[in-house]
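See structure below.
Every number here is computed from the coordinates shown, using simple stated rules; none is lab data. The structure presented is a predicted model; accordingly, all values stated were derived computationally and were not measured. A quick note on method: Cβ atoms are made from the backbone with ideal geometry, for glycine too, and the neighbour counts reach across all protein chains shown.
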Amino acid sequence: MDERGLPAEEVRKLLSQAQSKDLSYSGGRILGSMCTAPHELGREVFTQFLETNLGDAGLFPGTKELETESVAMIAGLLGLAGTSGFLTTGGTEANILALWAARNKTRKNKIVAPETVHFSVDKACNLLGLELVKTAVDSGKCADLGELESRIDSDTCAIVGVGGTTEYGTVDDIVGLSEIALEKEVYLHVDAAFGGFVLPFLQELGYPVQFKIPDKGVDSITLDPHKMGLVPIPCGCILFTNPETPGFIETEAPYLTLKRQHTVVGTRSGAAAAAAYAVFKHLGREGYREVVKQCMQNTIKLYRGVVKLGLAVRKPTINVVAVDCGPEVYDALGKMGWRLSQTREGEMRIIVMPHVSEKVVKDFLGDLESVAGELRV
Ligand SMILES: Cc1ncc(COP(=O)(O)O)c(C=O)c1O
């Protein structure tokens, strides 16, 4: 840090220089991200609530109410009225909280999860000293329940299912997993970080996707408002179906206005909670359904376009498309400015977020056609 500060105008110039190196979602080239531009109202509200701290919520009871109401609205999306939880910094923190609670509740040390699970579960297990057993998936990239069940033993504290896998957007059979969890008496965590704000709306729109949180057998669920929820980063959510579960991750906070904390982070922004409340109230189910409808229509256009080009592509379950086009095509598209991502198996992975408009899909398909043609894939 310099001894003397700079005038704000000069600092702004420095910031603009740095920002000019960044991409923006509105540029239409980011196809490999599960985040998008936040809703305008969310941006505005985020600034308004910038000084609030939910780590010391007794000072900000109004903002705490907004968190509680946001969590209730998220639970309502899954038909889980009355389920409590917390807003977090994202899906990673929510998954850590879930497995932390499972470990403390059961005093066991093994997690069994399909190999398609997000790497935040690896991170959580590493942090919590848990062994992670990864199990095979079926040809549709969903958890093979027989295989998963066979790996549960007396050391297993939790199993994990995914509602919208990061790489393929596929959805595990949560009802089947809940039956296994009940029979084997293990904790079940459902990671719907991405799919939580997609699957309920796809179902309402009549898409044939199975995703249901049953009344019994599921202990916790992760959903991320900062992905398809259009809320500014950082905003994740953990829901606990049993009101006693948060007690297993409770920490005394002696000098603060509220004496107990249940999140990994201490000081935590109330701005995201207020923004989440605002965007949920403003869009309502109807607004989100429209966002998901657009994304899914563009996903289908992309899928059909890729099929027409004769490339191998998985039929998408949600707005995630995986194309097996080889590294040359992937690299050539990258050189043309497309910001894509790859699955662990090397497929090109495209997330059709709200910023991936019909025009972006058309432009991308045009470039894919020329690249694939030149390379004769
Ligand atoms: C299924 C799933 N879980 C967890 C996460 C981690 O979320 P975050 O990056 O918000 O911590 C992601 C991120 O893409 C995800 O797709």
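Brief remarks follow.
- Ranked list, fewest to most other Cβ atoms within 10 Å of each Cβ, for SER150, SER220: SER150, SER220
- Note on the range 27-98: percent of Cα-Cα distances in each 10 Å bin, starting at 0 and stopping at the bin with the largest distance, equals 15, 38, 37, 9, 1.
- Spatially proximal lysines relative to LYS108 (Cα-Cα < 18 Å; intrachain offsets below 8 disregarded): LYS123, LYS134, LYS184
- Per residue convex hull volume, Cα atoms of the range 223-377, in Å³: 162 Å³
- Global size of the range 41-281 as Cα Rg and Dmax, reported in angstrom: 17.3, 53
- For the range 235-377: lysine pairs under 24 Å (alpha-carbon distance), excluding those fewer than 8 apart on one chain: 17
- Contact order for the chain, expressed relative to its length and based on alpha carbon pairs under 8 Å spaced 6+ residues apart, stands at 23 percent.
- Sorting LEU130, LEU41 by the number of Cβ atoms found within 10 Å of their own Cβ, with the fewest placed first, yields LEU41, LEU130.
- For the range 138-202: span of alpha carbons on each principal axis (Å, largest first): 36, 23, 16
- With an a/c value of 1.5 or above and a/b larger than b/c for the gyration tensor axes a ≥ b ≥ c computed over the alpha-carbon atoms, the range 4-159 is described as prolate.
- GluC sites (Glu not before Pro) restricted to the range 17-71 and DSSP loop, no more than 13 other C-beta within 10 Å: GLU51
- Sorted by Cβ neighbour density within 10 Å, fewest at the top, the residues ILE351, ILE180: ILE180, ILE351
- Remark: relative contact order (the range 82-144) = 32 percent; criterion is Cα-Cα distance under 8 angstrom and separation of 6 or more residues.
- For the pair LEU375 and LEU23 in one chain, pulling the backbone fully straight at 0.36 nm per residue adds 123.9 nm over the alpha carbon distance.
- Scanning residues 5 or more positions from ALA253 or on other chains, those with amide H under 5 Å from its amide H are ARG260, GLN261, with H placed 1.01 Å from N in the peptide plane.
- Selection of trypsin sites (Lys or Arg not before Pro), the range 79-153, meeting DSSP coil and at most 12 other Cβ within 10 Å: ARG107
- Phi-derived couplings, Karplus 6.51 cos²θ - 1.76 cosθ + 1.60 at θ = phi - 60°, listed residue by residue for the range 317-326: 7, 10, 7, 10, 10, 10, 10, 8, 10, x Hz, with x used for Gly and Pro.
- Applied to the range 244-255, the Karplus parametrisation 6.51 cos²θ - 1.76 cosθ + 1.60 on θ = phi - 60° returns per-residue 3J(HN,Hα) values of 7, 4, x, x, 7, 10, 7, 10, 5, 10, x, 8 Hz, with x for Gly and Pro.
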